[in-house]
Amino acid sequence: MGVEKTCKVCKEQFTTTSFKSATTINMCDKCYGSKKRTQAEMNIVASFNNKIVAVETRLSKLEKAIEMIPILIGAEVSNALTNITEIDMLSTINKSIQLEYKKRDKKMKSEHNKRIKEIDNFKEKLQKQIVTLNNKIINIIKEMD
Ligand SMILES: [Zn+2]
């Protein structure tokens, strides 16, 4: 047996489904349904908000990661450039060392050739002197006879 009550939301008269439920129910069916729907909608909105917050957090992390990419690429490129410069420098040093060796080698060879020529000249001079000396000796022996 229902009890007649005033709905606390719309102030309309309504009858509860039973005497027992009269103590707990203080809204008409329409308002109760509307409240339930609102609660469900609020739950959906709250859950949606949580999802949005989660997405925004992930997005912010992603943005920071994306911001870091040019810095990382820049560091990588600068690193590569440094390596290239070092390789270039080593190559240049190596080339100059090889050039220096070639120069020294050439100088040494020319120095060596010069010495050989000098020795040859000396030999020739010595040979001439020996011939001259030999002739003098022959003449002296002839005079002694
Ligand atoms: Zn109502």
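The values are calculated or read from the model by the stated rules, or taken from the named source; none is laboratory data. None of the values given here were measured: they were computed from a predicted structure. No Cβ is skipped: glycine too gets one built from the backbone with ideal geometry, and neighbour counts run over all protein chains shown.
Structure summary
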{"quantity": "Subset of the stretch 16-35 that is of a type in the set (S, T, N, Q) and away from the ligand (no atom under 12 Å from the Cβ) - its residue that is nearest to the chain's Cα centre (by Cα)", "calculated": "Thr24"}
{"quantity": "Within the stretch 1-12, tally of residues that are loosely packed, with under 10 Cβ neighbours inside 10 Å and within 12 Å of the ligand (Cβ to nearest atom)", "calculated": "1"}
{"quantity": "Among the residues listed as Leu90, Leu72, the single one being of a type in the set (A, V, I, L, M), more than 16 Å from the ligand (Cβ to nearest atom), at pLDDT below 85 and over 21 Å from the mean Cα position of the chain (by Cα)", "calculated": "Leu90"}
{"quantity": "Of the criteria (1) among the polar types (S, T, N, Q); (2) under 56 Å from the mean Cα position of the chain (by Cα); (3) more than 15 Å from the ligand (Cβ to nearest atom), which one Thr38 fails", "calculated": "(3)"}
{"quantity": "Yes/no for Lys30 being assigned to a strand (DSSP E or B), surrounded by 12 or more Cβ atoms within 10 Å (Cβ to Cβ) and modelled with pLDDT of 90 or more", "calculated": "no"}
{"quantity": "Residue among Lys35, Lys107 that is more than 30 Å from Cys10 (Cα to Cα), in a helix (DSSP H, G or I) and basic (Lys, Arg)", "calculated": "Lys107"}
{"quantity": "Among the residues listed as Lys102, Lys114, Lys64, the single one being loosely packed, with under 10 Cβ neighbours inside 10 Å and assigned to a helix (DSSP H, G or I)", "calculated": "Lys64"}
